[in-house]
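Remarks on the structure that follows.
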Amino acid sequence: MFTITGVRVFDGSASTDAPVLTDVHVSGGRIVATPPPGAEVVEGRGRTLLPGLIDTHVHVERRAELAELARWGVTTALDMGSPRPAATLPLRHLDGVADLFSAVYPAVAPGSATIRQMGYPAHIAVPGAADAQAWVDARIAEGADYIKIAVEDPRQPGTTGLSPATVTALVEAAHARGLLTVAHAVTAATHRIASVADVVTHVPIQAVASGARVVSPTLTMMRGICDTVGRRFALRALAALRIAPRMDFAHALGSVRRLHAEGATVLAGTDSNSDGTAPFSPAFGTSMHQELRLLVDAGLSPVEALRAATSVPAKVFGLDDRGVVAPGKRADLLLVDGDPTTDIHSTVRIAHVWTAGVTAFRSM
């Protein structure tokens, strides 16, 4: 039990632009309306209290990764597929670390790079639209919290892709079972196909995308790919010869600007992973703060960026017990020095993090 006194509160609400000064009370892992007797007092003066951050795109296989997320104020993490779900699934809903949800396996095309190069088993391939419902039902039996669909562009070297009809059938099959769908798409063409899903994750680095209704752009990941893979000599040579388009992070920023202007819902996600086969591995926790800054660079206000990491993903993914600072909600809380609603850089000035009322990090 504790009370945070005299603190500025950004409650995560879509209707609140300016933090208010108040006391916040916690008991039994929940925010409560009145001070619990004998509560510890936490000084909030000069600080801002936020809902714990929600990373809408990670790949987790170790408890230490969840602890690192929580240390940086990420109290909820959405795993978007693991080649070893036996390692990932037992990490869901542990105490004192980021609360984890998982897609288990992603839907991919037969012979996809996900299977050939990233260690995923061949049985997760979806041959065609007629196989969609059985595939979704198998993931539900394994415990999937939502369905992930990899919409690859077969024009990319070494890639095979699901047909548009199969993608649509997977979305319909998931919806028939009451599950949300998340579609991976990294080119403008696949973004159009993926837009039938509830959420599109990633944005292109070779063109500007349009049309998605809800997007988790993973700008940190896209910048990392441009800074690593995009600098390889062979790719730069192909781009110079106009055989292949040049990787340019400006396209990713431009996609977010366009989608935001079109009224798309923007979510914060990093694609944090420790996978040696991945083109880039954003760090757990710290990359969320980079993502918030990049969303602001792409045209979101600091308040909009904070909403993209709190109340908005909670609403999109149906996490009704979190994402806002309000009585009755989980005490997933991030206390920072300064005011990130005006200076997004202050999110890293972390004083205290709680997950369901349990201290996950406290500065000295």
Practice item. Kindly write out, for the stretch 341-357 in residue order, the coupling ³J(HN,Hα) from the Karplus curve 6.51 cos²θ - 1.76 cosθ + 1.60 (θ = phi - 60°), rounded to whole Hz, with x marking Gly and Pro. Key: 6, 10, 9, 4, 5, 6, 4, 7, 8, 7, 9, 7, 10, 10, 10, 6, x
Check your understanding: For the chain, modelled as a Gaussian network with Cα springs under 10 Å, which listed residue fluctuates most, THR342, THR181, THR76?
Key -> THR342
Check your understanding: Out of residues 5 or more away from ILE149 or on other chains, whose amide H comes under 5 Å of its own, with H placed 1.01 Å from N in the peptide plane?
Key -> ALA107, VAL182, ALA183, HIS184
Check your understanding: Mind checking which of HIS202, HIS184, HIS25 has the largest fluctuation in a GNM of the chain, springs on alpha carbons under 10 Å?
Key -> HIS25
Study note, to complete from the structure: The simple spin-label model distance between SER274 and ALA250, using points 7 Å out along Cα→Cβ, in nm, is 3.8 nm
Check your understanding: Which length gain, in nm to one decimal place, applies between GLN156 and ASP337 when the Cα-Cα distance is subtracted from 0.36 nm times their residue separation?
Key -> 60.6 nm
Check your understanding: Along the positive direction of the dipole of the stretch 53-316 (beta-carbon charges: Lys, Arg +1; Asp, Glu -1; about the Cα centre), which of ALA207, SER102, MET80 reaches farthest?
Key -> ALA207
Check your understanding: Distance from the Cα centre of the stretch 23-90 to that of the stretch 272-298, in angstrom?
Key -> 18 Å
Review point. Once every DSSP H run of n ≥ 4 in the chain is given -39500 (n - 2.57) and the sum is divided by its residues, what mean residue ellipticity at 222 nm do you get, rounded to the nearest 500 deg cm²/dmol?
Key: -8000 deg cm²/dmol
**Study point:** Pairwise Cα inverse-distance average, inverted: Kirkwood Rh of the chain (Å)
**Key:** 20.8 Å
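A short reminder: the numbers here are calculations on the coordinates, not readings from a lab. Computed from a prediction, not measured in an experiment: that's the story for all the values here. Because the Cβ atoms are built from the backbone with ideal geometry, glycine has one as well, and the counts that use them run over all protein chains shown.
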